[in-house]
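The values are calculated or read from the model by the stated rules, or taken from the named source; none is laboratory data. Source: prediction; values computed, not measured. Every residue, glycine as well, gets a Cβ built from its backbone with ideal geometry; the counts of neighbours run over all protein chains shown. Side chains are part of the model used for accessible areas, which takes the heavy atoms of the whole protein and leaves out ligands, DNA and RNA. Shrake-Rupley method; radii C 1.70, N 1.55, O 1.52, S 1.80 Å.
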Amino acid sequence: MKTISVAIVLAVGLVPGCTDQKNQLRFDGQYFRTKVAKVDGQRDVFTVRIRDVARSLDGAREAGRHAGTSYCVETYGNSDIDWAIGPDTPPEQLQIVDNTLVFQGVCPQL
């Protein structure tokens, strides 16, 4: 019983650290929530959704680049990405819907 109590206290103590804004990565001075998802069950093909793009398009692009790079490194151990639509895509060709920017890329398998 004592072990469970200690575990609960530790878990509750760690939760505030997860949302500590001082430790969040910022791009162009802003924090962007990102979500990376596989496309059709293929691990190498993915999308990145970056919310609140109206805060800063440049910051959102860099947040998306970071999320995609992190995904490829964690999944394949390599930071290379072939972007179909990505951070270097011209602004007029970007997909922005409901204040959310969407990138699509592939982690090349070596």
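Could you list all residues from the range 42-54 that are more than 14 Å from V106 (Cβ to Cβ), open to solvent by less than 70 Å² (accessible area, probe 1.4 Å) and either free of Cβ contacts under 8 Å to residues at least 12 places away in the same chain or not in a loop (DSSP other than H, G, I, E, B) (or both)? So that I can check it myself, show each step before the final result.
Within the range 42-54, the subset more than 14 Å from V106 (Cβ to Cβ) is 49-54.
Retained after the next criterion (residues that are open to solvent by less than 70 Å² (accessible area, probe 1.4 Å)): 50, 52-53.
Passing the criteria: I50, V53.
The criterion of at least 2 residues that are surrounded by 15 or more Cβ atoms within 10 Å (Cβ to Cβ) is met, among strands (runs of 3 or more DSSP E) falling completely within the range 70-110, by 82-85, 100-106. What do you reckon, is L57 surrounded by fewer than 16 Cβ atoms within 10 Å (Cβ to Cβ) and within 19 Å of S79 (Cα to Cα)? Here the answer is no, as L57 does not meet what is asked.
Taking the criterion of being open to solvent by 40 Å² or more (accessible area, probe 1.4 Å), modelled with pLDDT of 85 or more and over 11 Å from the mean Cα position of the chain (by Cα), would at least one residue in the range 3-26 satisfy it? Yes.
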